[in-house]
Each structure stands twice: as structure tokens, then as C-alpha cells.
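Everything on this sheet refers to the single structure shown next.
Each value in this text was obtained by applying a stated rule to the coordinates, not by laboratory testing. Remember, it's a predicted structure, so these values are computed and weren't measured experimentally. Neighbour counts are summed over all protein chains in view; Cβ atoms, including those assigned to glycine, are modelled from backbone coordinates with ideal geometry.
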Amino acid sequence: MSRRNFILGGIGMMGAAGLGGFGFVHTAAFGRAPRGARLERMMESPHFVNGKFENLVPVSIIPDEAENHENRFTAMWKFLFGDKSALTPSVPLISRKTDLFSLPRDEDIAVWMGHSNFYLQLGGRRILIDPTFGSYASPVFFINKAFPGSNIYTVEDIPPLDVLAISHDHWDHLDYPTVLALKEKTAHVVCPLGVGEYFEQWGFDVRRIHEEDWGAAIPLFDDLTIHIVPSQHFSGRFLQPNLTEWCGMVFETKQRLVYYTGDGGYEQHFAAIGKKFGGFDLVLAECGQYNMAWHPIHMLPEETAQMAVDVGAKSVMAGHNSKFALARHPWEEPLERLTAASTEKPYELLTPRIGEAVPIGWAKAGDFQPWWRELAFA
């Protein structure tokens, strides 16, 4: 049983039963399928085949045997409602909330906001990546609740944005109430093909939506170009998968190169990205919510370390952990395993607390303590 089948199947059963079935899945939060000129443009992509997007290397997101031959309902029930004592911290996370308004605009800074949500200042531009300020990474209030202490930012804490960057349409990356509340603060939206349909449906000015295919460069300003690069993942907010594209992003200024991996499994596209760009000042890396049952579409921590070598990272910050329990591994395991795997690697592993400002190009591994160990054994 795949992670997608677990989560979406569970939401589907309970959503249909308790929230009105057909009407529930046709609310604005679920979005609509791309259509019209947008769909015609998608059909021109070499990655859009038979009505769906495909990875560069075809992958199977999981045979049922991966779940020890349990039936679908039993496995799904365990995933959603089984023992989660190790999946979440026993005490609230201790964060360090940065006042983003007070940050000097001329300083290049990264702030991890938990899970895959990052705030960047690059070349004087303000960028927000995959924000999820809601309490749940799902369309319903009882699934995928944020860890206590992890959800410290609100829309009011975010200054006016030059760019809102969205890597794909999963609930833990494209949070409907968050992006809706950010609308008036956002100058430009950057996303992969098809994802712009959500923003157009939700009332964003189409002139502010920049959606491109893998390999495209988006020169938004004289001092900021955003490149859409491949990842090995999938998409879909409910019934139909892969109607929109997924991606990583490279943020390029005159002084810096920052790579956000987005979600995805390990493959040769990382080496190709490293060769194309010649290395990165900072890599914002997926590390968490993995399982051998869905290994093709989420890296293991050791693969995250190898990815960082492949792309030529000078420093690495790990995301996709420490806010939501979307897999069955202990909550602190991704950071612990990545720390071990980063020993003697040619990059600095940066492990700030949620909300802590990190100067890009200057921070060192020794500047940060393994804060999760204090909580894991509390």
C-alpha cells in the first residue's frame, strides 16, 4: 500500500462518510483539473503522457506486498490510527522565532519554518517556499496534525513577498488557507506546470502566476532567476494523480545559488543538476516521511547525503521533518540518520531549530546543536 493510497484512501473514506462525499471533494480547497489553454500547454510537455505527468525514470509507487500482506483497510487503519508514540515528540518543540520584518534586506538568509516551509532572502528579494501555517496537513481536522511547538508562524508574521514558490500540489506543500491568506502579500507565484490552475481558481491574478516545465528558467527580476528542475515524485490532492507536475527549484542571484529539492526519490537527475549549475551555496533538502514501501518517491537520509554530494552542496539544511508524522519512522530519526551520514562529507550540515535565521554562505555545522536529541529523550 502506497503512502498516497493510505492517506488519500483514508481521507476519502472518512471524508465521504462524514463530510458529504461528492460535495466535500469538490470544495475549493481540492482545486480543479487544469483546462483550456493551460491544459493545451501541458500537453506540449514531453513529460505529459496519456493525460498524466511522468517521472524521468518510470517508478512504481508501491506494490501491496510491501505492507506484509495486510488487507487495505487494516493497513490504512494502522497508518492513520495506530500507535504513534514514537512518531511525535513527547514535549513541545523549542523553536526560535525570527522577526522576519527586521531582517536587513541586503543579507542572504534562510529560515526553516518546519516541514518543507522555508523563508529566503536572496539578493534583496523575499521568497517563501511551500508554506503550511495551518494546524493540519490534510483537508480534514483530524489527520496529520502539526507537532506542538512546530507551527510558530502565521501569515501576519510574513512580510510582503516577491515570490511564493510551490513545488507541487500535495496538502503538506500547497495549503489552501495559507496561500489564500498570502494573496495580497504576494507579488509573484512560481510553480510547475498545471499548479497554476489552483491559483487562478483561488483568485490570484494570472499575470502573477509563472508556471513552467522542468528545465525552464524564469527571470523574474534582474537579480533573481528561478529554475524549475526535475524531481522524482507524484502529485494529486485526491482522486486523480499526476494531473499536475512536481519539481525542485534553483534560486539564482548574482551572488548565490540555492537549490530546493522538493519532494522526491533518489535518482540520476541530481548529478545532472549538479553538473548544470556547478554546485550550490545552500541546498534545502528533503529528509523525512520515508518508508521502504514508498522508497521511489521519498529519499532515505543516507540518500539525502549522497544527493548533497551529487549536486555539489556547500551547505545543507534538511526539511520535510519535525512538523507532521506522514510516515512510521520516529520523528527525530531523519535528522539523526542524516547527521551520521554526513560525517566526512564535503558539505556543512546545518541543523537550526525551527524559526532560526541562518546566514547563507557563512553558517557552519558547529554553529548548531543537535536540538532534537534534547527532546527525543525528554
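Quick notes on this one:
- Calculated FRET efficiency for the pair residue 369/residue 50, C-beta based, R₀ 56 Å, to 0.05: 0.65
- The range 100-376: translational diffusion in µm²/s, Stokes-Einstein, Kirkwood Rh over Cα pairs, 4 °C, 1.567 mPa s: 70 µm²/s
- With R₀ fixed at 30 Å, the C-beta to C-beta distance from residue 97 to residue 208 puts the FRET efficiency at about 0.60.
- Stokes-Einstein translational diffusion, the range 118-192 - Kirkwood Rh over all Cα pairs, 0.692 mPa s, 37 °C, in µm²/s: 256 µm²/s
- Per-selection metrics, the range 319-374 (Cα): Rg and Dmax in Å: 12.0, 35
- Across 330, 159, 104, mean-square fluctuation computed from a Gaussian network of the chain (C-alpha pairs under 10 Å connected) peaks at 104.
- Cα lying deepest toward the dipole's positive end in the range 100-376, options 173, 307, 137, charges on Cβ: 137
- Where a label projected 7 Å from the Cα of residue 43 along Cα→Cβ would reach, residues of the range 221-242 with amide N under 12 Å: none
- The chain: relative contact order as a whole-number percent, Cα under 8 Å and 6+ apart: 19 percent
- What the Cβ-Cβ distance of residue 271 and residue 328 gives, at R0 = 30 Å and to the nearest 0.05, is a FRET efficiency of 0.50.
- Result for the chain in a Gaussian network model with C-alpha springs under 10 Å: among 180, 122, 243, the largest mean-square fluctuation is at 180.
- Computed [θ] at 222 nm, helices only, for the chain once each DSSP H run of length n ≥ 4 contributes -39500 (n - 2.57): -6000 deg cm²/dmol
- Among 331, 362, 294: highest mean-square fluctuation, GNM of the chain, C-alpha pairs under 10 Å: 362
- Were the residues from residue 105 through residue 187 laid out at 0.36 nm apart, the gain over their Cα-Cα distance would be 27.9 nm.
- Range of Cα positions in the range 83-163 per principal axis (Å), largest first: 47, 26, 18
- Of the beta bridges in the chain, as assigned by DSSP with both residues counted there, near 55 percent are antiparallel.
- Solution diffusion estimate, µm²/s, Stokes-Einstein, the range 201-327, Kirkwood Rh from C-alpha pairs, 20 °C, viscosity 1.002 mPa s: 138 µm²/s
- In this structure the amide hydrogen of residue 189, modeled in the peptide plane, comes within under 5 Å of the amide hydrogens of 164, 209, 210, none closer than 5 places in sequence on its chain.
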